[in-house]
Amino acid sequence: GPGLGLTAVPAALAELRARREELSGRIREEEAERGRLQGRIWALTERLARTSESLARHLVARGELDRTIAETEAAYGKILENSQTLLDVLKEELGNASKASEP
């Protein structure tokens, strides 16, 4: 059939411009949304970095406490052991001394 008449061109252009305007509106909305999302990502990235640094410091501090606790428990155990040995030796010495002083 015959093609578009010249008189139809302005109406076709108006239709194309309307579609373009609609697209421009969507593009503005999506760019705004992308900006908001990037802002949230930035904020979360900052929080993640701070939390990771804090976690690393706390893990180191806990490791140092674990070591101190273990060393203190070991030293205390040795002290108790040595005290018991000392008491045993003293008891034995006292026993010997009382036997020696018997008539």
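Values computed for the structure shown
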{"quantity": "Residue within the stretch 24-42 that is over 38 Å from the mean Cα position of the chain (by Cα) and open to solvent by less than 100 Å² (accessible area, probe 1.4 Å) present", "calculated": "yes"}
{"quantity": "Glu81 vs. criteria among the acidic types (Asp, Glu) and either within 35 Å of the chain's Cα centre (by Cα) or open to solvent by less than 90 Å² (accessible area, probe 1.4 Å) (or both)", "calculated": "no"}
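The values are calculated or read from the model by the stated rules, or taken from the named source; none is laboratory data. No experiment lies behind these values; they were computed from the predicted model shown. Side chains are part of the model used for accessible areas, which takes the heavy atoms of the whole protein and leaves out ligands, DNA and RNA. Shrake-Rupley method; radii C 1.70, N 1.55, O 1.52, S 1.80 Å.
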